[in-house]
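Working notes, beginning with the structure itself.
The values are calculated or read from the model by the stated rules, or taken from the named source; none is laboratory data. None of these values were measured; they are calculated from a predicted model. Reconstructed Cβ throughout: ideal geometry from the backbone, glycine too, with neighbour counts over all protein chains shown.
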Amino acid sequence: MTANRPLCALGVFVVAALAGCRQDMHDQPRYKPLARSDFFGDDRSARPRVEDTVARGHLRDGSLLYTGKAGADFADAFPFRVDSAVLHRGQERFRIYCSPCHGQVGRGDGAVVRRGFRNKPANFHVDRLRQKPAGYFFDVISNGFGAMQDYSAQIAVEDRWAIVAYVRALQLSQNATLQDVPPARRAELGRGTAQ
């Protein structure tokens, strides 16, 4: 029996210790949204935002990046350098979000149209759209236009610009002349440099 005494004493200690524990996290004081509170002088439990604070990730510190505009007008510049990685990303996003309506090369003849969609999407290769600034396309992707919904919730800002860059590449590829090809590369086309 003497050997069990320390074990019994340990058991009593553990039970007493556990009985003394409380669930403070479970029973902590809290306020219901917009409930009255005596803690603050204005009797509000919900505190007003501190002036000039911005939620993390929502600064939007680049007017061109987030609006496509320089001042009040659509900009024709891109907010970052366009390279092959940006064009590849734009092509990928274009195929996912744009080609079902606009088609693979942007002529407005996608699968949705071939299946009977009545509002024909824009053909990017008409003169009116080839002359629009890049910011115009960004705005249409972001805010929608006509029957086209906005894609601001589905497509990240940088990806919208990548799509615009790819649309510009499509416009150039479908309307290019021999003069647009660098002289050193014209021989690869089989035409030489005669023109």
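Annotations
- Search result, residues across the range 160-195 that are of a type in the set (A, V, I, L, M, F, W, C) and either at positive phi or in contact (Cβ under 8 Å) with a residue 40 or more places away in the chain (or both): Trp161, Ala162, Ile163, Val164, Ala165, Val167, Ala169, Leu170
- Of the set (1) surrounded by fewer than 18 Cβ atoms within 10 Å (Cβ to Cβ); (2) under 16 Å from Leu172 (Cα atoms); (3) touching a residue at least 12 places away in the same chain (Cβ under 8 Å), all apply to Ala134 but (1).
- Test: residue in the range 91-99 that is of a type in the set (A, V, I, L, M) and either in contact with a helix residue (DSSP H, G or I) (Cβ under 9 Å, 6 or more places away or on another chain) or more than 16 Å from Asp159 (Cα to Cα) (or both): no
- Condition check for Asp139: surrounded by 17 or more Cβ atoms within 10 Å (Cβ to Cβ), in contact with a strand residue (DSSP E or B) (Cβ under 7 Å, 6 or more places away or on another chain), among the charged types (D, E, K, R) and closer than 26 Å to Pro79 by Cα: yes
- Filter pass, Val181 being more than 18 Å from Phe74 (Cβ to Cβ) and surrounded by 14 or more Cβ atoms within 10 Å (Cβ to Cβ): yes
- One residue stands out in the range 121-135 among those that are in contact with a strand residue (DSSP E or B) (Cβ under 9 Å, 6 or more places away or on another chain) and assigned to a loop (DSSP other than H, G, I, E, B): the one that is nearest to Gly68 (Cα to Cα), namely Pro133.
- Residue list for the range 136-153, restricted to those being out of contact with any helix residue (DSSP H, G or I) (no Cβ under 7 Å at 6 or more places or on another chain), within 21 Å of His58 (Cβ to Cβ) and not in a helix (DSSP H, G or I): Ala153
- All positions within the range 69-102 that are surrounded by 15 or more Cβ atoms within 10 Å (Cβ to Cβ) and in contact with a Pro (Cβ under 8 Å, 6 or more places away or on another chain): Phe74, Ala75, Cys101, His102
- Yes/no for Ala169 being closer than 19 Å to Gly108 by Cβ, modelled with pLDDT of 95 or more and surrounded by fewer than 18 Cβ atoms within 10 Å (Cβ to Cβ): yes
- Ser63 meets all of the listed conditions (1) in contact (Cβ under 8 Å) with a residue 40 or more places away in the chain; (2) polar (S, T, N, Q); (3) exposed (fewer than 14 other Cβ atoms within 10 Å of the Cβ) but one, namely (1).
- Checked against (1) in a loop (DSSP other than H, G, I, E, B); (2) crowded, with 18+ Cβ neighbours inside 10 Å, Val113 meets all criteria but (1).
- Scan the range 138-159 for residues that are within 22 Å of Leu172 (Cα to Cα) and in contact (Cβ under 8 Å) with a residue 60 or more places away in the chain and the total you get is 4.
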